[in-house]
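Structure first, then comments.
The values are calculated or read from the model by the stated rules, or taken from the named source; none is laboratory data. This is a predicted model, so every value here is computed, not measured. Note: ideal-geometry Cβ built from the backbone for every residue, glycine included; neighbour counts use all protein chains shown.
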Amino acid sequence: MALIAILPGDGIGPEVTTEARRVLERLGLDLSFEEAPVGGAAYHAAGHPLPPATLDLARRADAILFGAVGDPTCDSLDRHLRPEQAILGLRKALTLFANLRPAKMFAGMEDASALRPEVARAIDLVIVRELNGDVYFGEKGMRTTADGLRQGYDVMSYDEAEVRRIAVAGFEAARRRRGKLCSIDKANVLETSQLWRDVVIETAADYADVTLTHMYVDNAAMQLVRDPGQFDVIVTGNLFGDILSDQASMCVGSIGLLPSAALDVAGKGLYEPIHGSAPDIAGQGKANPCAAILSAAMMLRHSLGEPAAADRIEAAVAAALASGKRTADLGGTCSTREMGDAVLAAL
Ligand code: ATP
Ligand code: MG
């Protein structure tokens, strides 16, 4: 029996993970669930955003369903006690280096996109972003120049093993989909990107069935808006992926529809909606649970070996939306529970 850790977290996290759990329970698979506090909720209950018991559960579990962390009452705490440290701590402790963010246009949702409907309709892509390296984790600091000016610096670095494992994740994702991989870098300017490109090309030798292309990140930002339908899987570094994945999500529309996964080499993963804790609507039953429900589908596909069940959930969300059920973020009147009910009914 697979053990799923449920870490609801703060704000709307508990509301949306409850609906995702109901959907998982309805599938009739051999799953067990264990819940633990994380983020601000854990700080208030146990004095730390990622208590040892929560980390222990995350390590024992076969997969983790994560809600969101963020709590305005914790704003004045030391940085290491802030809720956001919990998700950074989990990614680091479990070596979750591959961030998968699908962006797909659901039928009838084109009006929520920032793009023209005929452009938006073609979006069906996955961004595979490296999550444990790059400029975020290099040496950084503040110093004074010879002229007495303050100077900040952040070192960008990747070694070839780090690039290879994310390249493999990108090729594997492309192989499961339409067989197209676009690697995004800035190889005309950056040494890290030159290494990135070399290693991606070496890795391609094992994936003759995948068509590999390369694109500079500035061009990629433009192409994502001009013609997003050209992309299947994008693989890129931590910094570029951070920016491009937010851009891609706004091309699709509501933040309440988009799931994500963070995976280790063995395929264990943490699954979470891309949205945050949304303190402005927390506790009001207004949150859209679809992103959390679709995160549960990704969990079935990537960590639990149940791709057919994942397909069923994705089809049920699409059917519920197509039937006109909408939460407030999509201009509708459904509550979180009613939206969850609509997905269960479609299942
Ligand atoms: P955090 O600090 O936890 O990231 P945030 O306020 O910075 O929180 P989000 O939580 O992502 O960022 O919220 C951004 C906006 O999107 C808010 O207005 C929020 O109400 C809305 N929002 C986020 N998630 C959802 C959802 N699932 N359903 C409806 N609206 C949402
Ligand atoms: Mg935020």
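Just the residues that are touching a strand residue (DSSP E or B) at 6+ places or on another chain (Cβ under 7 Å) and within 15 Å of ligand 2 (Cβ to nearest atom), please, taken from segment 243-275.
Within segment 243-275, Ser245, Ser249, Gly256, Leu258, Ser260, Glu272, Pro273, Ile274, His275 qualify.
In the list Gly283, Gly256, Gly269, which residue meets the criterion of being of a type in the set (Gly, Ala, Ser), surrounded by fewer than 22 Cβ atoms within 10 Å (Cβ to Cβ) and either outside the structural domain of Lys186 (by TED's automatic domain parsing) or within 14 Å of ligand 1 (Cβ to nearest atom) (or both)?
Details: Gly256 fails: surrounded by fewer than 22 Cβ atoms within 10 Å (Cβ to Cβ); Gly269 fails: surrounded by fewer than 22 Cβ atoms within 10 Å (Cβ to Cβ).
Exactly one of Gly283, Gly256, Gly269 is of a type in the set (Gly, Ala, Ser), surrounded by fewer than 22 Cβ atoms within 10 Å (Cβ to Cβ) and either outside the structural domain of Lys186 (by TED's automatic domain parsing) or within 14 Å of ligand 1 (Cβ to nearest atom) (or both), namely Gly283.
Read through the list (1) touching a residue at least 60 places away in the same chain (Cβ under 8 Å); (2) charged (D, E, K, R); (3) within 16 Å of ligand 2 (Cβ to nearest atom), then give the number of the only condition that Asp75 fails.
Of the numbered conditions (1) touching a residue at least 60 places away in the same chain (Cβ under 8 Å); (2) charged (D, E, K, R); (3) within 16 Å of ligand 2 (Cβ to nearest atom), the odd one out for Asp75 is (1).
Out of all the residues in segment 286-297, which are surrounded by fewer than 24 Cβ atoms within 10 Å (Cβ to Cβ) and more than 7 Å from ligand 1 (Cβ to nearest atom)?
Answer for segment 286-297, where residues must be surrounded by fewer than 24 Cβ atoms within 10 Å (Cβ to Cβ) and more than 7 Å from ligand 1 (Cβ to nearest atom): there is none.
Looking at segment 46-72 only, could you name the residues that are within 16 Å of ligand 2 (Cβ to nearest atom) and farther than 30 Å from Leu300 by Cβ?
Passing the criteria: only Pro72.
Which of the strands (runs of 3 or more DSSP E) found entirely inside segment 1-94 contain at least 3 residues meeting this: hydrophobic (A, V, I, L, M, F, W, C) and touching a Phe, Trp or Tyr at 6+ places or on another chain (Cβ under 9 Å)?
In segment 1-94, 2-9, 63-68 are the strands (runs of 3 or more DSSP E) which contain 3 or more residues that are hydrophobic (A, V, I, L, M, F, W, C) and touching a Phe, Trp or Tyr at 6+ places or on another chain (Cβ under 9 Å).
Name the residues in segment 252-285 that are modelled with pLDDT under 90, touching a Ser or Thr at 6+ places or on another chain (Cβ under 7 Å) and on the phi < 0 side of the Ramachandran plot, would you?
Within segment 252-285, Val252, Ile255 qualify.
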